[in-house]
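The structure appears below as structure tokens.
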Amino acid sequence: MLGYLVMGMTYAFAAAVQPGPFQSYLASQALSLGWRRTLPAALAPLISDGPIILLVLLVLSRVPGWLQNVLQVAGGAFLLYLAFGAWKAWREYTPGAAGPVQGNQRTVLKATLVNLLNPNPYLAWSLVMGPLLLKGWNEAPANGVALLVGFYATMVACQAVIILLFSAAGGLGPRLGRILVGVSALALAGFGLYELWTGITAIF
């Protein structure tokens with residue numbers, strides 16, 4: 001169970017700190033509205049990911065076991081691709097410019113919509129988290145629960161930290177952001193190699 005908890009935490013951290021549409025939205029809101037009015041948006045993945053998870057698990061539960069292993073290998077390759085992108089982003093890191101100022105009345109709703117329209121959660125749950133969740137759940141339901149708890153607790157915490165950093169502005173946010181992107185590249189590479197190894201050994 002601890003292994004699945006750590007894997008969920010690792011992938012969530014790596015995904016949360018990489019530049020993307022959702023992170024850019026949080027940064028722009030934090031810069032324009034402040035942390036108090038933006039902090040609830042950190043909970044958006046808890047709302048938006050539900051339909052994505054159900055859709056992916058419905059499909060994955062109907063495919064044969066060997067195809068799940070192939071998807072795990074594909075997921076490992078996808079993670080290495082993300083690691084390469086994170087490494088390039090670390091080398092060429094420039095803090096995102098603030099977007100247009102938006103009202104705070106529907107911050108969580110807007111953040112949820114941004115995440116629903118973001119392709120990254122669909123890819124992540126189809127190629128990485130979905131197969132891993134099914135594998136853990138089939139071994140023991142506690143493993144699947146540990147994976148979800150580790151993933152979403154870390155995801156929400158990381159989004160909250162991003163909001164606090166950008167609302168503080170100054171030089172610390174961009175510098176720390178670059179460090180976090182570098183750490184995420186290492187985490188993604190390690191996780192990707194693990195997924196490739198596990199998937200390939202399961203196939204052969």
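Side notes on the structure shown:
- Rounded to the nearest 0.05, the FRET efficiency derived from the C-beta distance between ALA140 and VAL161 at R0 = 30 Å is 0.45.
- Ranked for footprinting exposure by Cβ neighbours inside 10 Å, fewest first, THR198, THR38 give THR198, THR38.
- Each residue of the range 153-165 is assigned a 3J(HN,Hα), and the resulting list reads 5, 5, 4, 5, 4, 5, 5, 5, 5, 4, 4, 5, 5 Hz, derived from the Karplus form 6.51 cos²θ - 1.76 cosθ + 1.60 (θ = phi - 60°), x at Gly and Pro.
- Packing-based exposure ordering (other Cβ within 10 Å, fewest first) of PHE13, PHE151, PHE204, PHE84: PHE204, PHE84, PHE13, PHE151
- Proxy reagent accessibility, fewest Cβ within 10 Å first, across MET129, MET1: MET1, MET129
Since every read-out is calculated from the coordinates, none of them should be taken as a lab result. Fair warning: this is a prediction, and the values are worked out from it, not measured in the lab. Glycine also receives a Cβ, built like all others from the backbone with ideal geometry; neighbour counts cover every protein chain displayed.
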